[in-house]
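The values are calculated or read from the model by the stated rules, or taken from the named source; none is laboratory data. This one's a predicted model, so the numbers in the text were calculated from it and none came from an experiment. Here the Cβ is made from the backbone with ideal geometry for all residues, glycine too, and neighbour counts use every protein chain on show. For the accessible areas, the whole protein counts, side chains as well, though only heavy atoms, and no ligand, DNA or RNA atoms are used. Shrake-Rupley method; radii C 1.70, N 1.55, O 1.52, S 1.80 Å.
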Amino acid sequence: MSRSSLPPSPCGLRRDRLTSVARPRDADRWFRDLLDSAPDAIVGVDREGRIVLVNAQTEKLFGYGRDELVNQPVEMLLPERVRDAHQRHRAGYVSDPRTRPMGVGLDLAARRKDGSEFPAEISLSPLQTEEGLIVTSIIRDLSERKSADERFSGLMESAPDAMVIVDPEGRIVLVNGQVERLFGYGREELLGRPVEILVPERYRRVHPEHRGEYFADPRARPMGAGLELSGLRKDGSEFPAEISLSPMHTKEGVLVTAAIRDATERRKVEGKFRGLLEAAPDAIVIVERSGRIVLVNSQTERLFGYRRDQLLGQNVEVLVPERFRAHHPEHRSAYFVEPRVRDMGSGLELYGLRRDGSEFPVEISLSPLETEEGILVTSAIRDVSERQALVRERAARAEAEKLARENARLYAEAQAARANAEAANRAKDEFLSVLSHELRTPLTPILAWTRQLLRGRVAPAGVPRASRGRSKPSSATSRHRRVWSRISSTSRASSPGSCTSTGGPSSCRT
């Protein structure tokens, strides 16, 4: 039997060719095991394009038996639409054989026995044998990778932000449709270009340094935290941008994904929001969950005596008196658990602390503010020093008015009592005057006649002149005079301006 009549080896290569490649006695088994252990399909093709070598993965991948492939044209494994072109490409490769990927930049496809197609990645390498050149094709099914790539591309294209993926050298390796719309470039104008093409001229000199620092410590974070970033469009116009960076680990190394958002509208809204904050009559302090101050207005600066840059990023407890600081974080955390519009410390006397250490009474209203970064708390702080002073003044005024009304009442009662006393005195004086007159009128002639009788000057008819018994009329008269004198004295004592009498004609003394 001639060598040419030997049956093909299990891997599809004739034994004489195999022995020419490998000299060991068990070369056939060794070579076969080596090919069949490969994870990818391997197809060896001669200069005429006939298949001379296949492995077990080729049978699994294409659905053919090994004997169905050996000595067949390799184009049977390709879709019909590309077979003519493939023959030309194969001839070109044979004229310059070298190890390289097949169809660089093209979407390659292979065809199974059942007619179905699948995306393929093909690497070519030449193998020189005694019988001539054999081109070895390593074929990998990219269905899963394509599916993953499609899902990834779908995610990229559905992202609301412009997505730019950059390699460690700063070259753009992938963009989505949002990048084209935002920057005005076509996709082919960006791929392979330095990412600095999207950066304003004034920042390009320092950008590679920042990029290198990020690749040295890749982690998800905002780019240029605390800075105002800008993007540059193809037409030379700039726009305010927000950029988030995240690393992506691939077989080729670490890539960086930049999510870029046009912040023009947000800046406008923030400008209006800041305008409202600045126009507010109260001090406004906006705080995040950790208690850091993220925004204040000019009223806060005036009220607490701090500059804005001295407050931003500081803990809000810097504005709270020392004696309340220990419990304030607990109250703050409780508010974040149930955020709602309400007054702070209802029913309590609250105080703020100025930079100079002085305290002042405050009234604080809290309200939650939902943002993309999470819930913030807005505190509207009002100095109530003047209000409390007015309250104290009004309370003092009300007390004074109350005392004045009480004094007026007492004065009115005193006046009424005095008027009543005066009326009683007048009535008494009138009574005493009448009584005195009534007593004095009959006594006057009696006393006069009595004195005449006692002196013996008058001898009334029928009255004998005698001295016996003279003392009785005089004694009775004296008693009457004492009674009248006491009445007159009582009248004078009770009424300083009333009339008095000494036994003779009455007279009035004031």
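With the requirement that a residue be hydrophobic (A, V, I, L, M, F, W, C) and surrounded by 17 or more Cβ atoms within 10 Å (Cβ to Cβ), what does region 261-270 give you? Step through it out loud before you land on a result.
Within region 261-270, the subset hydrophobic (A, V, I, L, M, F, W, C) is 263, 269.
If the condition is that a residue be hydrophobic (A, V, I, L, M, F, W, C) and surrounded by 17 or more Cβ atoms within 10 Å (Cβ to Cβ), then 263 is the only one that fits.
May I ask you to verify whether residue 150 is surrounded by fewer than 13 Cβ atoms within 10 Å (Cβ to Cβ) and not in a strand (DSSP E or B)? Let's see the steps before the verdict.
Working: surrounded by fewer than 13 Cβ atoms within 10 Å (Cβ to Cβ): yes; not in a strand (DSSP E or B): yes.
The answer is yes for residue 150.
Right, residue 4: surrounded by fewer than 14 Cβ atoms within 10 Å (Cβ to Cβ) and at pLDDT below 90 or not? Lay out the reasoning, then the answer.
Numbers: surrounded by fewer than 14 Cβ atoms within 10 Å (Cβ to Cβ): yes; at pLDDT below 90: yes.
Spelling it out, residue 4 is indeed surrounded by fewer than 14 Cβ atoms within 10 Å (Cβ to Cβ) and at pLDDT below 90.
Could you tell me which numbered condition residue 92 fails, if it satisfies all but one of (1) open to solvent by 50 Å² or more (accessible area, probe 1.4 Å); (2) modelled with pLDDT under 90; (3) not hydroxyl-bearing (Ser, Thr, Tyr)?
Exception for residue 92: condition (1).
Answer yes or no: is there a residue in region 337-351 that is surrounded by fewer than 15 Cβ atoms within 10 Å (Cβ to Cβ) and part of a helix (DSSP H, G or I).
Yes, the conditions are met somewhere in region 337-351.
Yes or no, residue by residue, for (1) closer than 30 Å to residue 192 by Cβ; (2) in contact with a Gly (Cβ under 6 Å, 6 or more places away or on another chain); (3) open to solvent by 70 Å² or more (accessible area, probe 1.4 Å); (4) not in a strand (DSSP E or B):
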site	(1), (2), (3), (4)
42	no, no, no, no
71	no, no, yes, yes
76	no, no, no, yes
113	no, yes, yes, yes
139	yes, no, no, no
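Can you name the number of the only condition in (1) out of contact with any His (no Cβ under 9 Å at 6 or more places or on another chain); (2) over 22 Å from residue 281 (Cβ atoms) that residue 317 fails?
Result: residue 317 fails condition (1) only.
State whether the residues of region 421-428 include one that is modelled with pLDDT under 70, part of a helix (DSSP H, G or I) and not acidic (Asp, Glu). Steps first, please.
The first filter runs over region 421-428 and keeps only residues modelled with pLDDT under 70, leaving none.
No, every residue in region 421-428 fails to be modelled with pLDDT under 70, part of a helix (DSSP H, G or I) and not acidic (Asp, Glu).
Any idea which residue in region 164-190 is least open to solvent (accessible area, probe 1.4 Å), counting only those that are under 21 Å from residue 237 (Cα atoms) and assigned to a loop (DSSP other than H, G, I, E, B)? Can you show your working first?
So in region 164-190, the residues under 21 Å from residue 237 (Cα atoms) come out as 164, 172, 175-190.
With assigned to a loop (DSSP other than H, G, I, E, B) added as a condition, the list becomes 176, 184-186.
Values: 176: 0, 184: 45, 185: 30, 186: 16 Å².
Applying the filter and picking the extreme gives 176.
To keep it simple, each residue is scored yes or no on (1) closer than 20 Å to residue 370 by Cβ; (2) open to solvent by 70 Å² or more (accessible area, probe 1.4 Å).
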site	(1), (2)
259	no, no
272	yes, yes
275	no, no
278	no, no
282	no, no
295	yes, no
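Working carefully through the options 208, 247, 240, find the one that is in a helix (DSSP H, G or I), in contact (Cβ under 8 Å) with a residue 24 or more places away in the chain and open to solvent by less than 70 Å² (accessible area, probe 1.4 Å).
Numbers: 247 fails: in a helix (DSSP H, G or I); 240 fails: in a helix (DSSP H, G or I).
Among 208, 247, 240, only 208 is in a helix (DSSP H, G or I), in contact (Cβ under 8 Å) with a residue 24 or more places away in the chain and open to solvent by less than 70 Å² (accessible area, probe 1.4 Å).
If you take the residues of region 44-69 that are charged (D, E, K, R) and more than 15 Å from residue 138 (Cα to Cα), which of them is surrounded by the most Cβ atoms within 10 Å (Cβ to Cβ)?
Residues of region 44-69 charged (D, E, K, R): 46-48, 50, 59-60, 66-68.
Adding the requirement that they be more than 15 Å from residue 138 (Cα to Cα) leaves 47-48, 50, 66-68.
Numbers: 47: 14, 48: 11, 50: 14, 66: 18, 67: 12, 68: 15.
Looking at the filtered set, the residue picked out is 66.
Consider residue 242 carefully, then state whether it is in contact with a helix residue (DSSP H, G or I) (Cβ under 9 Å, 6 or more places away or on another chain) and among the acidic types (Asp, Glu).
Working: in contact with a helix residue (DSSP H, G or I) (Cβ under 9 Å, 6 or more places away or on another chain): yes; among the acidic types (Asp, Glu): yes.
Yes: the conditions hold for residue 242.
Conditions tested, residue by residue: (1) among the hydrophobic types (A, V, I, L, M, F, W, C); (2) within 26 Å of residue 270 (Cβ to Cβ); (3) touching a Pro at 6+ places or on another chain (Cβ under 9 Å).
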position: 281; (1), (2), (3): no, yes, no
position: 313; (1), (2), (3): no, yes, no
position: 319; (1), (2), (3): yes, yes, no
position: 325; (1), (2), (3): no, no, no
position: 338; (1), (2), (3): no, no, no
position: 358; (1), (2), (3): no, no, no
position: 366; (1), (2), (3): yes, yes, yes
position: 378; (1), (2), (3): no, yes, yes
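Filter region 372-395 down to residues that are in a helix (DSSP H, G or I) and among the basic types (Lys, Arg) and give me whichever is farthest from residue 286 (Cα to Cα).
Residues of region 372-395 that are in a helix (DSSP H, G or I), as a first pass: 385-395.
Those left that are additionally among the basic types (Lys, Arg): 387, 392, 394.
Details: 387: 25, 392: 32, 394: 35 Å.
Looking at the filtered set, the residue picked out is 394.
Go through (1) at pLDDT below 95; (2) part of a helix (DSSP H, G or I); (3) not charged (D, E, K, R) one by one and return the number of the condition residue 126 breaks.
Failing condition for residue 126: (2).
When only residues in region 320-329 that are closer than 11 Å to residue 291 by Cβ and not in a loop (DSSP other than H, G, I, E, B) count, which is most open to solvent (accessible area, probe 1.4 Å)?
My answer is 329.
Could you check, for region 357-364, whether at least one of its residues is within 28 Å of the chain's Cα centre (by Cα), over 23 Å from residue 281 (Cβ atoms), modelled with pLDDT of 90 or more and exposed (fewer than 10 other Cβ atoms within 10 Å of the Cβ)? Reasoning before the result, please.
Our first condition is that a residue be within 28 Å of the chain's Cα centre (by Cα); within region 357-364, this holds for 357-364.
After this cut, where a residue has to be over 23 Å from residue 281 (Cβ atoms) as well, the list is 357.
With the extra rule that they be modelled with pLDDT of 90 or more, the set shrinks to 357.
When the remaining residues are screened for being exposed (fewer than 10 other Cβ atoms within 10 Å of the Cβ), the result is 357.
Yes.
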